[in-house]
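The next block holds one structure in the form of structure tokens; read it before the comments.
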Amino acid sequence: MEPPAGAAGGEPESLSSDLSYQRERMVRLVASRGVEDARVLQAMRDIPRHVFVPGEMRSQAYGDHALPIGSSQTISQPYIVAQMTALLDVQAEHSVLEVGTGSGYQTAILAKLARRVFSLERVSKLAQQAIQRMRDLDLENVKIQTFDGSVGWSEMAPFDRIIVTAGAPSAPQPLLDQLAVGGKLVIPEGGRELQRLVVYRKTKRGTRRQEGEAVVFVPLIGRHGWQES
Ligand code: SAH
């Protein structure tokens with residue numbers, strides 16, 4: 001594939017075309033690491049990741065790494081966001097629950113793919129910032145609340161898809177209960193420092209569990225997660 005037009009010349013570039021060039025590079029890197037889902041990659045082209053990182057980190061926004069977002073939390077690495085979203089297999093008619101809004105970057109990617117996105121964040125300041133970002137980007141199919149997401153959001157259940165973006169000792173039972181039949185839950189499960197991506201599929205006959213790659217997430221703190229240390 002060719003780089004975007006106008007990006008490789010000797011002339012100084014406008015900031016915006018430089019950022020879209022960096023974003024395209026990020027998307028290609030993610031694709032080269034094995035994420036093939038075209039809709040996920042397009043959503044990552046559409047959502048400006050630099051809007052979700054603190055001002056002083058903007059120049060690093062399109063590197064393939066997690067970054068601090070304040071309140072001791074992080075915005076996830078682009079490859080991990082892509083991989084989890086691809087595993088989730090979100091369809092246009094789906095209602096999705098996200099636990100751990102953080103910066104709202106993953107939320108925005110989901111909003112491009114799903115009918116409705118409900119997202120819960122325990123740190124009110126992060127939730128407020130994410131709500132503002134959804135407004136700025138005109139993402140109107142998202143609802144964000146400050147709440148312990150380890151208990152889910154029963155009023156809005158059942159969900160076709162649930163994604164947890166904080167590490168849990170095991171999948172919270174309320175989330176499994178709030179998953180629709182035919183639904184999928186993606187969650188990092190394991191220790192406080194290191195987890196594995198786990199996919200649950202709920203069928204009429206029961207729930208299947210499949211373990212995937214090793215990942216590092218901040219802990220899910222709450223009633224069905226870890227205790228605050
Ligand atoms: N997807 C986010 C990742 C944020 S890190 C992003 O890319 O920006 C995980 C987030 O989960 C943190 O913001 C943390 O505050 C939040 N969190 C931890 N425990 C939680 C809980 N029980 N309910 C809701 N959010 C929680």
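The values are calculated or read from the model by the stated rules, or taken from the named source; none is laboratory data. As the structure is a prediction and not an experimental result, all values here were calculated from the model. So basically every Cβ, Gly included, is an ideal-geometry build from the backbone, and we count neighbours across all protein chains shown.
If I go through the stretch 138-170 residue by residue, how many of them are among the aliphatic types (A, V, I, L, M), within 14 Å of the ligand (Cβ to nearest atom) and either surrounded by fewer than 22 Cβ atoms within 10 Å (Cβ to Cβ) or touching a residue at least 40 places away in the same chain (Cβ under 8 Å) (or both)? Going through the stretch 138-170 one residue at a time, the tally reaches 7.
Considering only residues that are modelled with pLDDT of 95 or more, over 24 Å from Gln77 (Cα atoms) and either among the polar types (S, T, N, Q) or within 16 Å of the ligand (Cβ to nearest atom) (or both), which ones fall in the stretch 181-229? Matches in the stretch 181-229: Thr203, Thr207, Arg223, His224, Gln227.
Is it the case that some residue within the stretch 18-33 is surrounded by fewer than 20 Cβ atoms within 10 Å (Cβ to Cβ) and within 26 Å of Lys125 (Cβ to Cβ)? Yes; the residues of the stretch 18-33 include at least one that is surrounded by fewer than 20 Cβ atoms within 10 Å (Cβ to Cβ) and within 26 Å of Lys125 (Cβ to Cβ).
Just a yes or no: is a residue in the stretch 43-62 among the acidic types (Asp, Glu), more than 10 Å from the ligand (Cβ to nearest atom), under 14 Å from the mean Cα position of the chain (by Cα) and within 21 Å of Val27 (Cβ to Cβ)? No, because not a single residue in the stretch 43-62 is among the acidic types (Asp, Glu), more than 10 Å from the ligand (Cβ to nearest atom), under 14 Å from the mean Cα position of the chain (by Cα) and within 21 Å of Val27 (Cβ to Cβ).
Within the stretch 79-107, being more than 9 Å from the ligand (Cβ to nearest atom) and in contact with a Lys or Arg (Cβ under 7 Å, 6 or more places away or on another chain) holds for Tyr79, Leu88, Asp89, Val90, Ala92, Glu93, His94, Ser95, Val96.
With respect to the stated conditions, Gly212 fails to be assigned to a strand (DSSP E or B) and without any contact (Cβ under 8 Å) to a residue 60 or more places away in the chain.
The set of residues in the stretch 38-85 that are touching a residue at least 12 places away in the same chain (Cβ under 8 Å) and hydroxyl-bearing (Ser, Thr, Tyr) comprises Tyr62, Ser71, Ser72, Thr74, Ser76, Tyr79, Thr85.
Being surrounded by fewer than 17 Cβ atoms within 10 Å (Cβ to Cβ) and basic (Lys, Arg): is that true of Arg205 here? When the stated conditions are applied, Arg205 passes them. The number of residues in the stretch 100-121 being surrounded by fewer than 24 Cβ atoms within 10 Å (Cβ to Cβ) and part of a loop (DSSP other than H, G, I, E, B) comes to 2.
Being surrounded by fewer than 18 Cβ atoms within 10 Å (Cβ to Cβ) and on the phi > 0 side of the Ramachandran plot is true for just one of Gly70, Gly55. Which residue is that? Reasoning before the result, please.
Details: Gly55 fails: on the phi > 0 side of the Ramachandran plot.
Unique residue meeting the criteria: Gly70.
Is it the case that Val35 is among the β-branched types (Val, Ile, Thr), assigned to a helix (DSSP H, G or I) and under 15 Å from the mean Cα position of the chain (by Cα)? No; evaluated as a whole, the condition is false for this residue.
Scanning the stretch 83-99 for residues that are more than 13 Å from Val215 (Cβ to Cβ), among the aliphatic types (A, V, I, L, M) and assigned to a helix (DSSP H, G or I) gives Ala86, Leu88.
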